[in-house]
Amino acid sequence: MKARQFLLIVCGALMLAGCTTTPSAASWEYRTRTTDNPKGKSVLDEYGQSGWKLVSYTAILKDQSGTNFQYQYVFKRPRK
(Lines give C-alpha, C1' and ligand atoms only; values in the text may rest on other atoms or scores of the structure.)
Protein backbone atom coordinates (compact mmCIF):
# COMPACT_ATOMS: atom_id res chain seq x y z
CA MET A 1 0.00 0.00 0.00
CA LYS A 2 2.83 2.43 0.78
CA ALA A 3 4.43 1.77 -2.62
CA ARG A 4 1.17 2.83 -4.29
CA GLN A 5 1.02 6.05 -2.30
CA PHE A 6 4.65 6.83 -3.16
CA LEU A 7 4.03 6.12 -6.84
CA LEU A 8 0.92 8.32 -6.80
CA ILE A 9 2.87 11.21 -5.23
CA VAL A 10 5.72 10.87 -7.72
CA CYS A 11 3.35 10.74 -10.69
CA GLY A 12 1.44 13.75 -9.40
CA ALA A 13 4.64 15.74 -8.95
CA LEU A 14 5.83 14.87 -12.46
CA MET A 15 2.49 15.87 -13.97
CA LEU A 16 2.50 19.14 -12.03
CA ALA A 17 6.07 19.90 -13.15
CA GLY A 18 5.07 19.26 -16.75
CA CYS A 19 2.12 21.64 -16.49
CA THR A 20 4.08 24.52 -15.04
CA THR A 21 7.03 24.59 -17.41
CA THR A 22 6.75 26.23 -20.79
CA PRO A 23 8.87 25.09 -23.71
CA SER A 24 9.54 28.62 -24.92
CA ALA A 25 9.06 31.32 -22.33
CA ALA A 26 8.04 34.63 -23.88
CA SER A 27 10.26 37.63 -23.38
CA TRP A 28 8.33 40.85 -22.78
CA GLU A 29 9.15 44.51 -23.12
CA TYR A 30 7.29 47.04 -20.97
CA ARG A 31 6.44 50.71 -21.32
CA THR A 32 4.76 53.18 -18.96
CA ARG A 33 2.78 56.23 -19.97
CA THR A 34 1.62 58.97 -17.60
CA THR A 35 -1.20 61.38 -18.46
CA ASP A 36 -3.51 63.87 -16.76
CA ASN A 37 -6.55 62.53 -18.63
CA PRO A 38 -8.43 59.95 -16.52
CA LYS A 39 -10.20 58.36 -19.48
CA GLY A 40 -7.08 57.81 -21.58
CA LYS A 41 -8.91 56.36 -24.58
CA SER A 42 -6.49 57.94 -27.02
CA VAL A 43 -3.55 56.45 -25.09
CA LEU A 44 -5.13 52.99 -25.15
CA ASP A 45 -5.95 53.24 -28.86
CA GLU A 46 -2.46 54.47 -29.74
CA TYR A 47 -0.64 51.69 -27.92
CA GLY A 48 -3.15 49.00 -28.86
CA GLN A 49 -2.61 49.66 -32.55
CA SER A 50 1.14 49.20 -32.00
CA GLY A 51 0.66 45.76 -30.40
CA TRP A 52 0.91 46.81 -26.74
CA LYS A 53 -1.42 45.26 -24.12
CA LEU A 54 -2.54 47.10 -20.98
CA VAL A 55 -1.15 45.47 -17.83
CA SER A 56 -1.87 48.03 -15.11
CA TYR A 57 -3.61 51.36 -14.52
CA THR A 58 -2.91 53.55 -11.47
CA ALA A 59 -4.05 56.97 -10.24
CA ILE A 60 -1.27 58.97 -8.54
CA LEU A 61 -1.77 62.14 -6.45
CA LYS A 62 -0.03 65.14 -8.03
CA ASP A 63 -0.12 67.36 -4.95
CA GLN A 64 -1.43 67.54 -1.37
CA SER A 65 -4.88 68.87 -2.34
CA GLY A 66 -6.21 65.36 -2.88
CA THR A 67 -8.04 66.33 -6.07
CA ASN A 68 -5.30 66.49 -8.72
CA PHE A 69 -4.24 63.15 -10.13
CA GLN A 70 -2.00 61.75 -12.82
CA TYR A 71 -2.85 58.43 -14.39
CA GLN A 72 -0.17 55.89 -15.17
CA TYR A 73 -0.62 53.07 -17.67
CA VAL A 74 1.74 50.09 -17.93
CA PHE A 75 1.81 48.22 -21.24
CA LYS A 76 3.61 45.07 -22.42
CA ARG A 77 4.22 43.31 -25.73
CA PRO A 78 6.36 40.38 -26.84
CA ARG A 79 9.97 41.36 -27.41
CA LYS A 80 10.89 41.29 -31.08
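Residue-wise test of (1) at pLDDT 90 or above; (2) among the polar types (S, T, N, Q).
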residue: Lys2; (1), (2): no, no
residue: Ala13; (1), (2): no, no
residue: Thr32; (1), (2): yes, yes
residue: Leu44; (1), (2): no, no
residue: Ser56; (1), (2): yes, yes
residue: Ile60; (1), (2): no, no
residue: Thr67; (1), (2): no, yes
residue: Lys80; (1), (2): no, no
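Contact map, the range 24-40: residues that are under 11 Å from Tyr73 (Cβ atoms) paired with residues that are assigned to a loop (DSSP other than H, G, I, E, B) and modelled with pLDDT of 85 or more, Cβ distance under 7 Å, separation 6+ or inter-chain. Pairs shown: Arg31/Trp52.
The values are calculated or read from the model by the stated rules, or taken from the named source; none is laboratory data. The structure displayed is predicted, hence computed values, not measured ones. Positions of Cβ are backbone-derived with ideal geometry, glycine not excepted, and every protein chain shown enters the neighbour counts.
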